[in-house]
Structure formats: structure tokens, C-alpha cells
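Report on the structure given below.
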Amino acid sequence: MPSLPDSYEHSRERFRSRLEMLLSRWPASRLTSMSLPEDPGLTTDILAADASVSRDRLIILSTGLHGIEGYLGSAVLELFFEEYLHQLDPQRTGLLLIHAINPWGMKHLQRNNPENVDLNRNFIEADFSSLLHFNTDYPALSHFFNPPRPLEHLSREKLAFAVQTVKKLLTFGPRRIREAALMGQYCLPEGIYFGGRTLQPETKAMMALYRSAFVGYRQIIHLDMHTGYGPRDQMTLVISPHETMTTAEITARYGAPRVAAANPDEFYTMKGDMTDWEYQLVQREFPGAQFFGAACEFGTFGESILAGARSLRITIFRNQVNQHGGNLTATRWVDREYRELYLPAEPAWFKKAMSDARHTFDKMLAGDKV
């Protein structure tokens, strides 16, 4: 079974070493490494292999859009290399495999990029200034989401969070709090789920990559690896509101035992989502192509109200430490809890995640086998 990497560097070297495996079946395969402008030592690495005869299908697997989530994504890529690559027909099937869209976040075990931007809220082609008031409840909840002080007294902070949560639930209700926290905001650069004021370098690079890679393919499938959302020990395929297939059709075709649409009833609303942008790109520039994109979400804390509160608490505390600092005891606790939110230490969790990924690949790749 594939293993989790112990560092960003280990993961990157493991991924790069797979070029030789691709070349044995796609002789024109290529490895591209795109450096961050502010830190050339951090790279997003891409293995690309075009179909050699007929561009029937392009399979895209991407990881690390939310940096820390790239560790599980790295293991999923290894699973693909070890168990599925040999099954594909290089004459009809192209590959685009992306390691660490957000390399800074992966290296530093953060979800955001160095500018505190959530890249999956940054795929925006409109004027960012028009989004300042997009998230209408966020200003009223901003002090709750973004305490303006260091995290010094952990027990006291936990109690304050519990008291404030009850008060906000009574005023706003759980649905409005969830939407305000998660949909993205464009007014407070130091706040949680900040979508940015401009397109980030990582976003621009992915936009250019997809626009180039899609050319000529009749069918494009993109699975983007994530962790955190959904029931514990269960992968959820989160689909875009732009997708026209029904949940039943998606389950039958891609083997996902659980499918959720990105809306307030099943998941949550997002602005600047990468997959949404891809659907719009295909509609505008590749109208003859059939596109399916989704996030593979491997659940960690679970879906209960208490699990949701725990997730929001560590998200707030992580950002509080990032922005204002904290004492050593509090910071260490935040580091452990935040890692558990996106990369649980329990071996059984990892084993089940690999099983769910395998089940999805079995279904997804059924039509591509040699």
C-alpha cells in the first residue's frame, strides 16, 4: 500500500521520480516544475502525458490546493501510479498529474498560501473589488471568527469560543454561520477563508495550465484531492453546481458511495472555486468537450454539530496564532489539532481513505483499460 510522505520535499521527490514510469508508456511525457515567485525552492510539479493517437480522454489528478491536504493527495497519486497506470491506453488517454498546487501550504502544514489566501476561493475572473460585500454575514461575525489577540490562555480561549458559539447560534443559526465562515470573504486579508484581492500566482499558473491542457480532448475528468469535509472514514465526491448529471448517474459512473453538491443544503456555497472555473472555461472555450470535475473529500472530524464546532474552533485558533502569535503550549496544541483535522494519525483512517480512492479509480478508469 502507498505510504504518506513525511515532508513536502519527500513527497515532491517521490512524485518527480515517477517520470520514468510514464516515459515507459507515454514516450513524450514531461515533467514541469513551477516555482513560487517569492520562494523558488518551492514548486508545483506537473507530470503531463498526451494521448499519442486519439485524444479521447484526459484524466487530471491534482493535490495540495489546500497545502496540508496534499499529504493524503500524495498517497493517492502513489496509488494511481502503482495500481492503475499500467491499465491505461496511452494511445487514447492523456494524463495531467499535479503535485502541490500550494507548495508553501504543504511545506508549512497550512491550508492557505503565504498571503493567507484560500486558493479555492481565488479562481475569480471578475473585479475583486466587486466582492468586498459578497459575504453579507461575515462583517457581523468577524470578531468571532478572527479574535484580535494572541492565543495565550488556551483553556480560557476554548471557554470563550464555546460561549460565543452559543450566542451566535441563537442570533444567526447554524446554517448562516457555516455559510459565512466557509463560502469565502474578500474584505479582511487577515481573516479566515480569505479569497484574496487579486489572482494569486498559483491560481494564474493553474488557469494557464488547464487552458493549454484541455485542447483537443473530447472528454476531461478532473479529481481534486481534499481532506476534512464529510463523515469520518468516508470519501465524499463533491460536485459543482455547474454539473448536469444527477447524483444517481454520478454514483453509477464514478463509484462514489456518497455524492454532495456544493450548495447550502448538501455542502456549502463557494465563490472562486477551481472546479467551477473549469466548467465555465470549457463552456466558453471548449464547447465540444465533455467535462466532469469534482473534489474527493476524505472526511476527518465527522458531520455532527460538535464535530463542526471543533472544526471551526481549530480553524479560528490556527488563524489567530498565524496572525497574532501565541504561547508555546497553545501553539503546540493548535499544531496537533490542525494536523488531525486534515491528516488524522489513526492508521485505520488512512487505510479506509486508500480503499475509497481505489474504489473510485476502479470505476473512473473502467473505460480506459487496454
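For the reader, a short list of remarks on this structure follows.
- Fraction of beta bridges assigned by DSSP in region 206-320 that are antiparallel (%, nearest 5): 30 percent
- GNM top mover of Phe350, Phe214, Phe144 - the chain, alpha-carbon springs below 10 Å: Phe144
- Total formal charge among the other residues, if their Cβ is under 9 angstrom from that of Asn135, Lys/Arg +1 and Asp/Glu -1: -1
- Relative packing of peptides 135-142, 33-40, 299-306, 312-319 - highest average C-beta neighbours within 10 Å first: 312-319, 135-142, 299-306, 33-40
- Top of Thr32, Thr203, Thr93 by mean-square fluctuation, Gaussian network on the chain, Cα under 10 Å: Thr32
- Each 20 Å bin from zero holds the following percent of Cα-Cα pairs in the chain: 29, 60, 11, 0.
- DSSP bridge pairs, region 23-136: antiparallel proportion in percent, nearest 5: 65 percent
- Rounded to the nearest 20 debye, the dipole size of region 176-282 about its Cα centre is 140 debye, using +1 on the Cβ of Lys and Arg and -1 on the Cβ of Asp and Glu.
- Our helix-only sum for the chain, with -39,500 (n - 2.57) per DSSP H run of n ≥ 4 divided by its residues, gives a mean residue ellipticity at 222 nm of -13500 deg cm²/dmol.
- Within the same chain, aspartates and glutamates fewer than 8 places from Lys158 are excluded, and of the rest, those with a Cα less than 17 Å from its Cα are Asp335, Glu337.
- Just checking the listed ones, Arg149, Arg55, Arg358: in the Gaussian network model of the chain with Cα springs under 10 Å, the one fluctuating most is Arg149.
Rule-based calculations on the coordinates, nothing more; no lab input. Note that the coordinates shown come from a computational prediction; the quantities given were computed from them, not determined experimentally. Neighbour counts are summed over all protein chains in view; Cβ atoms, including those assigned to glycine, are modelled from backbone coordinates with ideal geometry.
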